[in-house]
Amino acid sequence: MRLMECVPNFSEGRDKSILEAIAASIRNVNNVVLLDVDPGADTNRTVFTMAGEPEAVVDAAFQAIKTASQLIDMSVHHGEHPRMGATDVCPFIPISGMSMEDCVHYAKVLGERVGRELGIPVYLYEYAATREDWRNLANVRSGEYEALPEKAKDPNWKPDFGPHIFNAKSGATAISAREFLIAYNINLNTRDKKKAHDLALTIRESGKPARDANGKLLKDEKGNKIITPGLFTHCKAVGWYIDSYNRAQISINLTNYKVTPPHLVLDKVRELANEMGIQITGSELVGLIPKAALIDSGKYYLNKMKESTGIPEKMIMETAVQSMGLAELSPFELDKKVIEYAIAKQDALAKMRVDEFCDLLSTDAPAPGGGSVAALCAAMSGALSAMVSNLTIDKKGYEKVQKEARELAPQGQVIKENALDCIDKDTDAFYAMMDAIRLPKKTDEEITIRTQRIESATQKAILVPFETLEIAVSALKLAEKVAAIGNINALSDAGVAALTALTAAKAGYYNILINIQGVTEKAFIEDICQRSDALIKKAEAIASKIEADVCTRLKAN
């Protein structure tokens, strides 16, 4: 799943009607979910958080910026927070299935559209910056809104997009691509803010002033304070006292969890706090978190306990929640705190009970159909291979294959999750194709648009079962390895993993063949047919080998 987050900040935190209008402009865009609206009256600023398919998020961001430009007048704006525009900043963040380069591309797409259609000067910052000195937002926003008239006269301040003029009503907007920011607090069993802050200074990247044995500040030959670097990069932290919790906390912003993940920070703080006689009672996640970040934390603790990481992703994340004490202050619900779950369709086929899915499958509804069943078979194959691997881990007589079994179990879970995604993707692709066919065709322009949409939708309806076919081949390769080293008592399960994977492969192949008839692009037809023919031959060869091996060994037993 390609998923991108966007966190635009608007220079309005008091007028609820304006904020609701901006929110409505986002909600009106399909395939985007507005996750949070956080207004601040004192700062006169509101942070919106949305996520969804990248193209849809770009469109929703534009509609929100457009609405803000119509309703917010910067010439009369006042607030505590630094700002230079009605839409002050609008960063894109990769969540899943996307790179930072992808987000930079979308930042430029949005910037060009905002500049062209709305006449707002746009500056790119952070990862999207076109100038090194514009990487830092503070530099871009220097002087704030009040400095824009002079910047409009300075060639050095020519914006990346939009006119080099002073837009009195909307100001200027900064658009970027950045890493996900995790707002994370660590709870202490003390009310002493100073102790919490001392720990914060030790871990944060900017560090703290160095002192001698008597506590005196150390300075260099020029009289400048010597700074002791903090223990973690991409980490900002302060210590504070929270009256409602009756305790001190270390408040942390992790600006790149891939480099500095919360679990490593927590474990180091536990160690440092223990030396001070302080106990860590738990921790708190403010806002939402990408699934990958919580899974990484869960796997970290499972590995420390020498337990299998090849278990369902929600079980891995629950391990993280328990190990980090994330539910100490309030309930931690994965469906609300994990971004991918928070925006997931509630009526997804993959969420159905088995009997409900089979009932729906048995009706005259054209979807779900064979493509979704193919994906389900691939998912079950991956799950079975994970099961056999887990039944092999820590079992007597299988000491020589422990390392491999621990590596194979997570691979089965990945195959399962990827295939489950294809259950709904296949049905969604079918309905998109039907929507294209229903488009009007009265004028030449309508006919052209309809033809293009049908071609695009039909190709997508082929690419999804092709993805299932690829997953099925991966599932067969995994089943072959699991059958070779797995617990002999689960050999039949490894065989069934191969059979269901072969079914998935053939079913995906059939869906490609039936839909290819509707494609007109010859290059696409030639490429997809060549690749799918090669994959199905590989699938049949692997499955035949596994079946012969499993049957021989079962009969021998």
Exercise. Considering only residues of the stretch 372-421 that are outside any loop (DSSP other than H, G, I, E, B) and of a type in the set (Val, Ile, Thr), which is nearest to Tyr510 (Cα to Cα)?
Worked result: Val373
For this session: Please work out which one of (1) closer than 18 Å to Gly40 by Cβ; (2) over 21 Å from the mean Cα position of the chain (by Cα) is the condition Gln70 fails and give its number.
Result: (1)
Problem set entry | Lone unmet requirement of (1) more than 16 Å from Ile22 (Cβ to Cβ); (2) among the hydrophobic types (A, V, I, L, M, F, W, C); (3) more than 18 Å from the chain's Cα centre (by Cα) for Met98 | (3)
For this session: For Ile252, state whether it is touching a residue at least 24 places away in the same chain (Cβ under 8 Å) and in contact with a Gly (Cβ under 9 Å, 6 or more places away or on another chain).
Result: no
Exercise. Can you tell me how many residues in the stretch 30-87 are out of contact with any Leu (no Cβ under 8 Å at 6 or more places or on another chain) and part of a strand (DSSP E or B)?
Worked result: 9
Seminar exercise, completed: Scanning the stretch 267-294 for residues that are more than 28 Å from Met1 (Cβ to Cβ) and assigned to a helix (DSSP H, G or I) gives Asp267, Lys268, Val269, Arg270, Glu271, Leu272, Ala273, Asn274, Glu275
For this session: Could you please find all residues in the stretch 261-277 being in contact with a strand residue (DSSP E or B) (Cβ under 7 Å, 6 or more places away or on another chain) and either among the acidic types (Asp, Glu) or buried (at least 20 other Cβ atoms within 10 Å of the Cβ) (or both)?
Result: Pro262, Val265, Leu266, Val269, Ala273
Exercise. Restricting the search to the stretch 78-107, which residues are of a type outside the set (A, V, I, L, M) and surrounded by fewer than 18 Cβ atoms within 10 Å (Cβ to Cβ)?
Worked result: His78, Gly79, Glu80, His81, Pro82, Ser96, Gly97, Ser99, Glu101, Asp102, His105
Problem set entry | Residue, surrounded by the most Cβ atoms within 10 Å (Cβ to Cβ), within the stretch 161-186, restricted to residues that are modelled with pLDDT of 95 or more and among the polar types (S, T, N, Q) | Thr173
Seminar exercise, completed: Taking the stretch 340-354 and the residues there that are in a helix (DSSP H, G or I) and not charged (D, E, K, R), the one that is farthest from Leu294 (Cα to Cα) would be Val354
For this session: Report, by residue number, each residue of the stretch 411-446 that is among the small types (Gly, Ala, Ser) and at pLDDT below 95.
Result: Ala429, Ala432, Ala436
Problem set entry | Pair list, Cβ < 6 Å and 6+ apart or interchain, from the stretch 42-58 residues that are within 18 Å of Pro290 (Cβ to Cβ) to residues that are among the charged types (D, E, K, R) and surrounded by 20 or more Cβ atoms within 10 Å (Cβ to Cβ) | Ala51/Glu5
Exercise. Does the stretch 27-42 contain any residue that is within 30 Å of Lys151 (Cβ to Cβ), more than 15 Å from the chain's Cα centre (by Cα) and buried (at least 19 other Cβ atoms within 10 Å of the Cβ)?
Worked result: no
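The values are calculated or read from the model by the stated rules, or taken from the named source; none is laboratory data. Since we're looking at a predicted model, the values are computed, not measured. We place every Cβ from the backbone using ideal geometry, glycine too, and count neighbours over all the protein chains shown.
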